[in-house]
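The values are calculated or read from the model by the stated rules, or taken from the named source; none is laboratory data. Computed from a predicted structure; not experimentally measured. With ideal geometry, Cβ positions are generated from the backbone for all residues, glycine too; neighbour counts draw on all protein chains shown. Ligands, DNA and RNA are excluded from the accessible area calculation, which covers all protein heavy atoms including side chains. Shrake-Rupley method; radii C 1.70, N 1.55, O 1.52, S 1.80 Å.
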Amino acid sequence: MSDELVNVTIDGMQLAVPKGTPIIEAAKQAGLLVPHYCYHPSLPSPAVCRMCLVEVEKAPKLMPACVTTVAEGQVVHVNSPSAKKAREGVLELLLINHPLDCPICDQSGECELQDYTFQEGRPATRYQEFAKRYNPVEDFGPDVLYVPNRCILCTRCVRFMEDVADTPVLNVSERGDRAYIGIAEQQRLDHPWAGNVVDLCPVGSLLSKDFLHKARAWDLDKTASVCPGCTQGCNINIDTRDDVVVRIRPRPNLEVNRHFICDYGRMNYRWMNRGDRVEAPLVRDGGRHVATDWDTALDRIGQAIRGVSGSAVILASGRTSTESLGLVRLMLDGLEVTAAVQVPLGDEAPLAGIPGLALRRERAPNLAGAELLGYGVDGGETWREVSSAGLVIVLDAELGPEEEAALAAAPGLVIVLATLMPEARNAEMILPITTMAEENGTYVNRDRRIQRFQQAKAQPGMARPAWWIAGEVLAGPGPDASAPSTAAEAFALLGERWPLFAGITHGDLGYTGRLLTQAPAGVGSAR
Amino acid sequence: MSGSHGGTAGHGTAPAEEHIPVFTGPTRARLEQLFTKYPTRQACLLPALWMVQEARGWISEQAIGEVADVLELTPAYVKGVVTFYTMYHTHPVGRHFVQVCTTSPCNICGAEDVVKALLQETGCGELGATSPDGRFTVIEVECLGACGFPTPILVDDDFIENVTPEKVRGIVQRYQ
Amino acid sequence: MGYPHPSHPKETVVLSKHFGDPEARTYAGWVRHGGYEALRKAVGMSREAIVEEVKASGLRGRGGAGFPTGLKWSFMPKDVVRPHYLVCNADESEPGTFKDREIMRWTPHALIEGCAIAAYAIGAERCYVYIRGEFTEPWKVMNAAVEEAVAAGALGDDVFGSGKRIEIVLHRGAGAYICGEETAMMNSLEGRRGNPRIKPPYPAVAGLFGMPTTINNVETLAAVPHILNRGAAWYKALCLGNPKSTGTKLVSVCGHVQRPGNYEVTMGTPMRDILYDMCGGPPAGRTIKAVIPGGSSVPIMTLEEAESALFDYEGVVEKGSMLGSAGMIVMDDRTDMVYQIWRLARFYAHESCAQCTQCREGTAWTTRVLERILAGKGKQEDFQLLLDLSENMTGKTICVLSDSCAAPVVSGIQKFRSEFEAYIAGAREPSLAAV
């Protein structure tokens, strides 16, 4: 793509687009979606489905909009009679062997064959009295089923595995109308990014076993979020049905994950649906914890913190939002604080065809945010501090047997903010907090891109975001106190202390975030 | 998915024998020589598959694996290529493989009668099936490119022109 | 010559002069027939001079498209900064066509010489000859001939002491009609499925292995030595019809004629002469009903059209068809046109590479509709359906395979509609079992 602009007219709209832009992308800028199947902006274009044929004035025949690039003075007709007739012809042919089993197909409702047929297909088939092609369902891999009868041979899956994953385990087998997507007997579709073929499939031919018959697409609520799986920060949609997360799918962000997420991230959602949650603030009453209301609990935290002397320790989950990490840290101002986040480690799994995209070793989505806020990485030494600290705050950190023992022996005051009930009998308080799926917030990824995630489901019981608790404590009691009531307000408080965040609002981040390395205007003079 | 896609009918599951590598000794040397003729190893795929078929008579899943290995490809990739070309056998065939052209130019000159005669004389009975004695497999093929000499047939590598039903018995007897 | 028949006076025998002569197959024999003089001459010329000579001769691609050969060569980059390749298309698979087979079987050195000259002219050091897998005999003959040519110094690192390097690699296909399409052939050579590629990029820019490539048909290349030996003016003067069609053309004639075979005629020879004088007309007591003049991919001609056409690129187009590969399929009055059109549709359905929707599904559906008609279950609506499908398969896909399927269907319905009607009305016995 060059900087040079060329002038084109698409369905009467005049636009200037960079030289080299395919017509299909130029049309998007004119607000026109040229129907297509094989084209995908993150894959090489084979121009085989022939669905995106458009009329280009002076061209001898209809041209595929996916591989025909714009030219100066070009006049394109996406919806001319000849183009529409060609598309109707393709749709008719794609449907002759299609089983039309939409009522039992997972893709129904988000199926491009359904959509375009509804939009501009023939009302009835002329393929009568012939048997349809039939091939049995095949098990391709850990999470992928292939339903060949629904396949339209767009080859997106084959190209993804070959050109993006660089692991060609899928092929087109046979030829003519006998062709199907094949796999070798000795191979499985088990690449760490293989699940993307399900999203790429424009019809219901490649299905996720995990999502199989779970929900109808039109019953799903979609929430823009950021993957909590690792430091890559892939953009995702969390799909819920009746407040239950049923599926995670990639949300395009050309700077971070293009159109893809890894299978680890895709499957990393069951914890969001757990029912065994802490639902009310619990305060210690002798040898046991009793439920109380937030006013009582907040009063007690305030008093407790004010009574602490010496050092404090914060041990936080790597999945904690920037807002919560920041405000909890601010809440302890005045104390000598050792703060750390937990960073579980796993295997790195890059996606070969997209430089800079990988499932990262560090499975802590907000590691970079935590570091910017002065948190270290917990390598166990944090727990040595526990033995001498006046206050220990556990911010949804996972407690293994050693941590539990250390915590039980802690001489200081222990406050646990938790989603799940911890083993912490000596905790002064156990306060219910929300998971990232239940709150708004931000994560900073490994490239220091700060990105928003939004609340995908309701919080259980009285659970609140950790930033809300810290904000209330910071504001103190009384009618004049001004605690932040939204994540955006909580975020606004960070800039005063950490200038990298100054001058940025949640609104500025949009749906794709921004890099923190760009110093926002006015920063520097604040300090 | 075998069996559900056109191609050769009448074969059961391929025998699961242990695969003895094809590309050893002189065959390997021939392949190495081929590598010098092409800028990529992948380009040697069709020749390599021919070598497998010459050696084994057909191309098994294990052979696909071996070819993938020596050419630094994946088995699935190789399989996609194998199934594109109709001359590669993905199932065992008879000792003698008979291909009869029945495309229009031969068709109008009586090719279908030649097919019938061949199916009968060889004992194959139906297209794609192997005769009970294991001697023959007969298939119809599209244009063999000898339309002026109808009907041409290919028995293994022998290209025989002007075959008529009357000549079939004599031809069949030449192949044991 | 009308191999396997003796030469007919109305033929102009250039390429086919030695068909049937085993001596011509050997290097020594070929040299005795004047072979390799042109190559010796060529390596002493500049690349540009050869290209200009071929341009001036008017030689056009003999594989089917008829693109001017010299012009095609001139698209290759002038400076050789990356390897250039020549690919010789010897994947002759167009039903009705069997001329390249004879060139390779009888005069392999003519092709080798043509390849070597063309390779040098386009700046290539390597030429791949893609020979269809079914051509077992041409394969053996060509292998032996290349070996001989290398041994004689006509190929290799120092062609005839000129310091020029030209290597010929024979590559065997494996059963796929579509590999005769030049971009599919390049994919096949690269060890891929033989899927046609989208253009641009054109082969001269990014072809085989992504390098500048020229693809020429066997007959085209075999004509090149003659042009260098006898001059462009001589070749250009071989013309009885339109001046844009020059030289001689091998015509493969098959089907219902008395003497099927390969005839070599001057461009513009009346088709009548080929059908009746050279081939002896239809079998005794029969009349010709239809002629497919350019391999199965072109529209069917009626006898009237065929009899009035001049046989060159323009002459055949004027009468509603195309010269194509000049594989002439002659059908007499016994021929069931519906059955043969079905048989052709089945051919294309079998050979479709499966990439483009219209071709993959359209060729198969067309075949089934024709099957239904042949089974006596056709309907009046089937005419419109077949024509709609054909329109949908024409000019919409990456290559022209589906266009080729549509051509006989559309021309068949136009010209032989009554035969379809007879099946549909039940006036004719079904010729296929019910589908």
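Quick notes on this one:
- Sole residue being more than 14 Å from every other protein chain (Cβ to nearest Cβ), of a type outside the set (D, E, K, R) and more than 15 Å from the chain's Cα centre (by Cα), chosen from A:VAL245, A:VAL278: A:VAL278
- Evaluation of C:ALA433 against the conditions (1) at pLDDT 95 or above; (2) farther than 25 Å from A:LYS84 by Cβ shows that the sole unmet condition is (1).
- Search result, residues across segment A:176-189 that are open to solvent by 10 Å² or more (accessible area, probe 1.4 Å), touching a helix residue (DSSP H, G or I) at 6+ places or on another chain (Cβ under 9 Å) and either outside any strand (DSSP E or B) or not assigned by TED's automatic domain parsing to the domain that holds A:CYS151 (or both): A:ASP177, A:ARG178, A:GLU185, A:GLN186, A:GLN187
- Selection from segment A:69-109 of residues that are exposed (fewer than 15 other Cβ atoms within 10 Å of the Cβ), among the acidic types (Asp, Glu) and farther than 30 Å from A:GLN14 by Cβ: A:ASP101
- When A:LEU93, A:LEU100 are checked against the criterion of being within 25 Å of C:THR363 (Cα to Cα), facing another protein chain (nearest Cβ under 9 Å) and out of contact with any Pro (no Cβ under 7 Å at 6 or more places or on another chain), A:LEU93 stands alone in meeting it.
- Selection within segment A:116-141 - among the charged types (D, E, K, R) and either open to solvent by 60 Å² or more (accessible area, probe 1.4 Å) or within 12 Å of another protein chain (Cβ to nearest Cβ) (or both): A:ARG122, A:ARG126, A:GLU129, A:LYS132, A:ARG133, A:GLU138, A:ASP139
- Close pairs (8 angstrom Cβ cut-off, 6 or more residues apart or separate chains): at positive phi in segment A:48-63, modelled with pLDDT of 95 or more and open to solvent by less than 30 Å² (accessible area, probe 1.4 Å) anywhere: A:ARG50/A:PRO64; A:ARG50/A:ALA86; A:ARG50/A:VAL90; A:ARG50/C:CYS356; A:ARG50/C:THR357; A:ARG50/C:GLN358; A:ARG50/C:LYS396; A:ARG50/C:THR397
- Qualifying residue in segment B:99-117 (condition: within 14 Å of chain A (Cβ to nearest Cβ), surrounded by 19 or more Cβ atoms within 10 Å (Cβ to Cβ) and either farther than 28 Å from C:ILE329 by Cβ or modelled with pLDDT of 95 or more (or both)): no
- Verdict on B:ARG174 being in contact with a Lys or Arg (Cβ under 6 Å, 6 or more places away or on another chain), open to solvent by 10 Å² or more (accessible area, probe 1.4 Å) and away from chain C (no Cβ under 14 Å): no
So that you can scan it fast, the table gives a plain yes or no per residue for (1) under 23 Å from the mean Cα position of the chain (by Cα); (2) charged (D, E, K, R); (3) open to solvent by less than 10 Å² (accessible area, probe 1.4 Å):
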site	(1), (2), (3)
C:VAL316	yes, no, yes
C:LEU323	yes, no, yes
C:ILE329	yes, no, yes
C:ARG334	no, yes, no
C:ALA345	yes, no, yes
C:THR357	no, no, yes
C:GLU361	no, yes, yes
C:GLY376	no, no, no
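- Any hit, segment B:163-174, residues being at pLDDT below 95 and more than 29 Å from C:THR97 (Cβ to Cβ): no
- Residues of segment C:63-104 satisfying the condition of being outside any strand (DSSP E or B), facing chain B (nearest Cβ under 10 Å) and buried (at least 21 other Cβ atoms within 10 Å of the Cβ): C:ASP91, C:GLU92, C:SER93, C:GLU94, C:PRO95, C:GLY96, C:THR97, C:PHE98, C:LYS99, C:ASP100, C:ARG101, C:GLU102
- Any strands (runs of 3 or more DSSP E) falling wholly within segment A:316-435 and containing at least 2 residues that are free of Cβ contacts under 8 Å to residues at least 60 places away in the same chain and open to solvent by less than 10 Å² (accessible area, probe 1.4 Å): A:336-341, A:413-418
- In the set (1) open to solvent by 20 Å² or more (accessible area, probe 1.4 Å); (2) under 19 Å from A:GLY265 (Cα atoms), A:ASN196 fails one condition alone, (1).
- Test: residue in segment B:56-63 that is at the interface with another protein chain (Cβ under 9 Å from one of its Cβ atoms) and at negative phi: yes
- Residues in segment C:411-435 that are in contact with a Leu (Cβ under 7 Å, 6 or more places away or on another chain) and surrounded by fewer than 19 Cβ atoms within 10 Å (Cβ to Cβ): C:PRO430, C:SER431, C:LEU432.
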